[in-house]
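Here's the structure, in structure tokens; my notes come after.
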Amino acid sequence: MNHSFLTVRGLDYSIDGTEILQDVSLEVPEGTFVGLIGPNGCGKSTLLKNIYKTYRPQKDTVYIDGKDVVSLSAKEMARQAAVVAQENQTEFDLEVLDMVMYGRYAHRRFLEKETEEDLAICRRFLEEVGLKGYENRSFFSLSGGEKQRVLMARTLAQESRLILLDEPTNHLDIRFQYLLMEILKKQDATIFSSVHDLNIAAMYCDRILLMDRGEDHQSGNTRRDSYRGKYFTNFWNPCADHEKSDYAKDTSVLYSERITEDCFILKNQMDSIIMKAHMEC
């Protein structure tokens, strides 16, 4: 059993007096791809923002590789964790290669210029996300999907041991949604990502945590990781190791044509729980 690379213990968080997270605890084993799903408003983004310190968590509640994130400097945090957030507003326009080069910040000393290795890494990940030849394009001139792929290339170029993502397939067409998940699955990293598409979660995540305000949901291959007020239903994913490479290559292939019976059962369980949660809100 891999040790927990990301650990959350008893995390509380309120916004303007409204309690969003209450005594949240979870573990993400090293080297796994864990998906976080749940109805809108259940606190997925708030949880992620506490982990990557857009919001400041309480001391002794969030640990990356055994280190309390509160104690980590910005550069130390960047070495440990790379982030693709939902809100990625950039005030200054940059060329695409320069935007991706920001991912190398954690690997350079103050005022040190980028190296040939840095440039090669950035170009390689731009090519992986399908943006070879875009190096000198203005970031502001790109479409929403192209911007998202640039930000993903920047995250990959950071070469951190933990990758945190908040609905990373937003703004992407179906082909690039699959391509992105294929790329993530190949990384030698621990990945924790909120995912809005249950098909994608069922196909690519090793484990799936369902975040919900409601009752404890149990089924044959789930268990509850408990915390007050909300619950995680922890789905072991029977289809995470199946061959998926054809999905990124041929967008005419639908999940329903290749997904296993176990995956259908898993997705139906998640669908029913989320639908019930929406009705109860």
Open item on the list: Could you tell me how many of the residues in region 99-109 are touching a helix residue (DSSP H, G or I) at 6+ places or on another chain (Cβ under 9 Å) and without any contact (Cβ under 8 Å) to a residue 12 or more places away in the chain?
Closed with: 1
Open item on the list: When you check Leu180 against the structure, is it part of a helix (DSSP H, G or I), among the hydrophobic types (A, V, I, L, M, F, W, C) and farther than 28 Å from Glu19 by Cβ, yes or no?
Closed with: yes
- [ ] Considering only residues that are in a strand (DSSP E or B) and β-branched (Val, Ile, Thr), look in region 18-32 and name the one that is farthest from His3 (Cα to Cα).
- [x] Thr18
Task: Residues of region 108-162 that turn out to be over 22 Å from Phe192 (Cβ atoms) and of a type in the set (S, T, N, Q), as a count - done: 5
- [ ] Those residues that are under 18 Å from His196 (Cβ atoms) and out of contact with any Cys (no Cβ under 7 Å at 6 or more places or on another chain), I need them from region 8-40; list them, please.
- [x] Leu36, Ile37, Gly38, Asn40
Task: Residue satisfying all of: in region 23-53; surrounded by fewer than 16 Cβ atoms within 10 Å (Cβ to Cβ) and over 15 Å from the mean Cα position of the chain (by Cα); farthest from Met203 (Cα to Cα) among these - done: Asp23
Task: Total residues in region 79-127, condition assigned to a helix (DSSP H, G or I) and hydrophobic (A, V, I, L, M, F, W, C) - done: 12
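Residue-by-condition table, conditions (1) touching a Lys or Arg at 6+ places or on another chain (Cβ under 6 Å); (2) farther than 24 Å from Gly31 by Cα; (3) modelled with pLDDT of 90 or more; (4) part of a helix (DSSP H, G or I):
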site: Lys147; (1), (2), (3), (4): no, yes, yes, yes
site: Thr155; (1), (2), (3), (4): no, no, yes, yes
site: Pro168; (1), (2), (3), (4): no, no, yes, no
site: Phe192; (1), (2), (3), (4): no, no, yes, no
Open item on the list: Being surrounded by fewer than 18 Cβ atoms within 10 Å (Cβ to Cβ) and under 28 Å from Asn199 (Cβ atoms) narrows it down to one residue among Gln86, Gln58; which is it?
Closed with: Gln86
TODO: Just one of (1) over 18 Å from Ala82 (Cα atoms); (2) in contact with a Ser or Thr (Cβ under 6 Å, 6 or more places away or on another chain) trips up Glu167, so point out which.
DONE: (1)
TODO: Restrict the check to region 201-209 and report whether at least one residue is within 27 Å of Glu117 (Cα to Cα), surrounded by 24 or more Cβ atoms within 10 Å (Cβ to Cβ) and modelled with pLDDT under 95.
DONE: no
- [ ] Kindly list the number of the only condition in (1) free of Cβ contacts under 8 Å to residues at least 24 places away in the same chain; (2) surrounded by 14 or more Cβ atoms within 10 Å (Cβ to Cβ); (3) assigned to a strand (DSSP E or B) that fails for Ser14.
- [x] (2)
- [ ] Inspect region 125-142 for any residue being surrounded by fewer than 16 Cβ atoms within 10 Å (Cβ to Cβ), farther than 26 Å from Met77 by Cα and of a type in the set (Ser, Thr, Tyr) and give the result as yes or no.
- [x] yes
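The values are calculated or read from the model by the stated rules, or taken from the named source; none is laboratory data. If you're wondering where the values come from, they're calculated on a predicted model, not measured in any experiment. Using ideal geometry, Cβ is built from the backbone for each residue, glycine included, and neighbour counts are taken over all protein chains shown.
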